Each structure stands twice: as structure tokens, then as C-alpha cells.
Number of protein chains: 2
Amino acid sequence: MSGEEIFFEQIRSAGCLSYLLGCAKDKVCVVIDPEIDKAADYVELAKFFGSAIHYAIDTHTHADHNSACKVLRERYGIKTVMHRATDAPYIDVSVEDGDEIKFGQQSLRVVYTPGHTQDAMCLLFKDRIFTGDTLLIGGCGRTDLPGGNAESQYQSLLKLKSLGDEIRVYPGHDYREAVSTLGEEKQKNARMLVSTQEEFVHFMTSRKPPLPRKIQEALEWNRTPIQGTQRGRGEGI
Amino acid sequence: MSGEEIFFEQIRSAGCLSYLLGCAKDKVCVVIDPEIDKAADYVELAKFFGSAIHYAIDTHTHADHNSACKVLRERYGIKTVMHRATDAPYIDVSVEDGDEIKFGQQSLRVVYTPGHTQDAMCLLFKDRIFTGDTLLIGGCGRTDLPGGNAESQYQSLLKLKSLGDEIRVYPGHDYREAVSTLGEEKQKNARMLVSTQEEFVHFMTSRKPPLPRKIQEALEWNRTPIQGTQRGRGEGI
């Protein structure tokens, strides 16, 4: 039963998607494409699952955000993993096409997919694939940044096309338009489906999720004028 | 023909969703829930449509990120709009339930929806509604932060339930899991559907989108060791 063998979280951060994937039995996990602002959060999340992070893996050299790999290595002694084509000078474990990245009783298979960058790889895990920027939902990574190559990218997409249709794609970004309809929400949104106010209030007040990380800073900023520029409160439309 | 009367963009930033909505005829637009890091980008985007931003509107006092309203007001003289229940001291135009926020020949109708915060409102525009954190896709804003109230939130969701099913929901965040399947991508992803390498390479190399904003910083960070901690290049798995 897959649900008991692994634990899995998708973490959004600054427009990027990171993943924590763990072996439930041996209590070890990996983090894929960690983003620097969330470095401590991944470690906490791993602890929440009673585990520790064994590898921090970047699917490629990111040009749009700072990787947390270096920080996870420095502060927590976590081993960093990238494809051997990378220039990054802080990598403990270099991998190549077909390699297995083992953590406990689980493992990720490296599928080398250059094109977005020269060091881009996807990571296949049973019926999931972590595609970094090689394949996005409805798109793919651009090929005009340093190390990009459109021909290689075409070949890499062909490689992914040869894999099974049922494999679930977990990309490094999600650029789709975020839209729904009121009809769909009325039908599917658990918060819209609660039938009494009492039930709703109980649902909303019985859990206390952690505060947003930047709540103090955000509320301070959003509730104060820029010094010396106050033009008085709203005047009505 | 709606496509010619307005222009519309959904902008993702640091986990938040902002919107630029404009009157194509009169070349004026509004920005909804702008995020501080993108302040200059909204202004540029408005220019791209040959227009200028008339109003910067916050659907509520955000507790998770810094609003750009203050900056847009200060640097660009854009008028700021919020519900009159807000505490924010830099608001030019205070609105309440039923008010119309006009820009050119278009207008947004205010639907007051307290609950996530005391000053939360949704903005109805023809067949679209901008719901801020009042209604998210598959969820709704929490009610345990400053100004939150679960009873009010229930009533506000009832109010939204009374609107038409066909109305499209554009929320302030998108917390859904980002996942697809290889089968779906093979069928629907334009990049996967290109049938020859030549065509693909042409497609990928004929456009030059702007560079990522933080490319210099990101590549610098991602390609250098933390000073004095280099342990040498990867050793193979």
C-alpha cells in the first residue's frame, strides 16, 4: 500500500514547486528543488514525518531563484545531488542517466533531459516523475537562457513521451491560469458544502494552522503610511 | 465582443495572484491585489497595453505578503482603493457593498464579504469575480488571523453561493496541488505536440521573452560555493 510506504508533500515557494519525498519505513527522505526561503521549513517538515533529509537534489541549475541546496548542506550536513553536467561547485553526489538515488527502501531513477539547461534531469519514482523545468503543465522550460539548447530539449521531450501515460507529472513551476467557476466551487469546495453555520464555524475554529511566516512584517507594512506622505483616509468613490 | 473591450492578465508573485484588468477603448486599467516585488512590472504591463493604471485595489488587508498599493500610490500617483472597513491609512477611495469602481467604460462591483478579514470584499466584473482570500479554488481564507470571523465568513460564502454558477472565480492564491499526467501532456501540451525537431526549434528560438528578474543573483548564488566550505565536486552515487 503506497500510502504507507512513502510520505510526500508538494511545497510552493516564490513561484517554485519543491517536493519532500520519504521512505516511511526507514524514516529518510529527499527534498527536490528546494528554495532558499524555505530551507528551515523542509527540515521541520521532515521532522514532522519523524524523518531526516538524506539528499537535497536540484533537477538543474535554476536561473530564476536561489537553490537551498547549499544552505541545507552547510547548516544541516545534507548531501547535495545534481547531474554531473552541472557547474555547481558544492555538489556531493554527481549522477547520470539511469542512476538510482536511494533513500531507505525507495529510490529515484535519473532521466537525463538536457535542453532547458545542460544539467537538467527528471526523476522517476514509480508512477510519478519530477520534471523540473523540462516539462511543465501545458508548457516546457525556455531554451534561451545560459546552457539552453532547443534541439536537446526536443530530444528530451521525445524521451519523456516514451514513458507511460499514467505517470503523474510534478513540475518545478505551475504557470497555468488559476481559475474555477462558482458552479464548480459550489459542487466541490468542502467549505462551500457545509450546510450549517454551526458546522462551518466549528470547522474553521477547531484547527490552528501556523501563522504566515511574514505576518508581522506584512501587517506592519500594509497598515502604515509611507512616512510623510499620508493624504488622509479614503474619500468614497 | 469581450476580447476587444478589455484586456486581462493574471500575474503570479510569491504565491499570490494579482490581476490587471483594463478598458481597451479608454486605455485605463486597474490592478487588483498587487504584490510589492512586482510594482514596476504592473506599470510596465499596463504600458504594454498602451494604458495606465487608474486604481490599485486591495481586496483586503493581506497578512501574508506586502501590498504594492502604497508604492504604486507614492511612486506613480495611482489611487488606492479598499473597503471602508480597512485600517490601512493610505487609501484614497473607500468603497462599500454595491459600489461600482469605474475605469473607462468598464466597472467592478463591490461585494462586501467579511470573514477572512473585516475589510474583505470581492469584485464582480461581468462573468468574472475576483475573490481575494474569501473564496479560493477548493478552499477559503482562514478566519483565525486578526479581523477574522468564521460566522461572517459563512454568511459571505452564502452570498457568493447566490451568484450565478457560470461566473469564473479568480482567487488571491492558488493552493491546489500542481499535477498532471504524461498522457494529458502528450495530448494537450503544445510543446509536446510539435511533430518535427525543426518546427520545435523554430518555435523555441523565434521569441525572446524577458530574462527572469533575478537571473544574475540566482545564477551567481547557484554556481558558487559558500565561502570556505567547498568540499570538492561530486563523487558519484
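Exposure here means at most 15 other Cβ atoms within 10 Å; with GluC sites (Glu not before Pro) in a DSSP loop as sites, the longest stretch of chain A lacking them is A:1-95. Would you mind checking the stretch A:10-36 for residues with the amide N under 12 Å from a putative spin-label position 7 Å along Cα→C-beta of A:Phe49? Within reach of a label on A:Phe49, which here means backbone N under 12 Å from a point 7 Å along Cα→Cβ, the stretch A:10-36 contributes A:10-11, A:19-32.
Is it possible to state the helix-based mean residue ellipticity at 222 nm for the protein assembly as shown, with each DSSP H run of 4+ residues giving -39500 (n - 2.57), the sum divided by total residues, to the nearest 500 deg cm²/dmol? What is it?
Details: 16 runs with 124 residues, N = 474.
Dividing the helical sum by the residues of the protein assembly as shown leaves -7000 deg cm²/dmol.
Leaving out ligands, DNA and RNA, what percent of the accessible area of the protein assembly as shown is carbon and sulfur, probe 1.4 Å? Each step should come with its number before you reach the end.
On the way: 10110 of 20660 Å².
After summing per-atom areas, the C and S share lands at 49 percent.
Using a probe of 1.4 Å on the protein chains alone, the accessible area found for B:Thr205 is around 80 Å². Projected over every direction and averaged, the convex hull enclosing the alpha-carbon atoms of the stretch B:92-158 yields 5.2 nm². Per-residue surface analysis assigns B:Ile11 an accessible area of about 20 Å², computed on protein heavy atoms at 1.4 Å probe radius. Relative to the Cα centre, the charge distribution of chain B, modelled as +1 at Lys and Arg Cβ and -1 at Asp and Glu Cβ, gives a dipole magnitude of about 640 debye. When the alpha carbon gyration tensor of the protein assembly as shown is reduced to an equivalent ellipsoid, the three semi-axes, largest first, read 40, 26, 23 Å.
Of the cross-linked pairs A:Lys70/A:Lys126; B:Lys47/B:Lys126; B:Lys102/B:Lys161; B:Lys47/B:Lys70; A:Lys126/A:Lys208; A:Lys102/A:Lys161, which ones have a Cα-Cα span greater than 30 Å in the structure shown?
Details: A:Lys70/A:Lys126 28 Å; B:Lys47/B:Lys126 24 Å; B:Lys102/B:Lys161 25 Å; B:Lys47/B:Lys70 20 Å; A:Lys126/A:Lys208 35 Å; A:Lys102/A:Lys161 25 Å.
Where the Cα-Cα span goes over 30 Å, the pairs concerned are A:Lys126/A:Lys208.
Principal axis extents of the C-alpha atoms in the stretch B:57-200 (largest first, rounded to whole Å): 57, 38, 30. The eigenvalues of the Cα gyration tensor, multiplied by 5 and square-rooted, give the stretch B:115-199 an equivalent ellipsoid with semi-axes of 37, 15, 11 Å from largest to smallest.
Taken as Cα centroids, the stretch B:7-78 and the stretch B:120-193 sit 19 Å apart, rounded to the nearest whole angstrom. Summed over the residues of the protein assembly as shown and divided among them, the accessible surface reaches 44 Å² per residue at a probe radius of 1.4 Å. Where the alpha-carbon atoms of the stretch B:1-75 are placed on the principal axes, they occupy 38, 23, 18 Å, in descending order. The contact between chain A and chain B removes approximately 9700 Å² from the accessible area (both sides summed; 1.4 Å probe; ligands, DNA and RNA excluded). Take the convex hull of the alpha carbons in the stretch B:46-122; its mean projected area over all directions comes to 5.5 nm². Using the Karplus relation 6.51 cos²θ - 1.76 cosθ + 1.60 with θ = phi - 60°, the per-residue 3J(HN,Hα) values for the stretch B:203-209 come to 4, 6, 9, 8, 10, 10, x Hz, with x marking Gly and Pro. Compared with the dominant principal axis of the Cα atoms in chain B, helix B:39-48 is inclined by about 90°.
The values are calculated or read from the model by the stated rules, or taken from the named source; none is laboratory data. All of these numbers come straight from a predicted model, not from anything done at the bench. A quick note on method: Cβ atoms are made from the backbone with ideal geometry, for glycine too, and the neighbour counts reach across all protein chains shown. Just the protein is used for accessible areas: all its heavy atoms, side chains included, with ligands, DNA and RNA removed. Shrake-Rupley method; radii C 1.70, N 1.55, O 1.52, S 1.80 Å.
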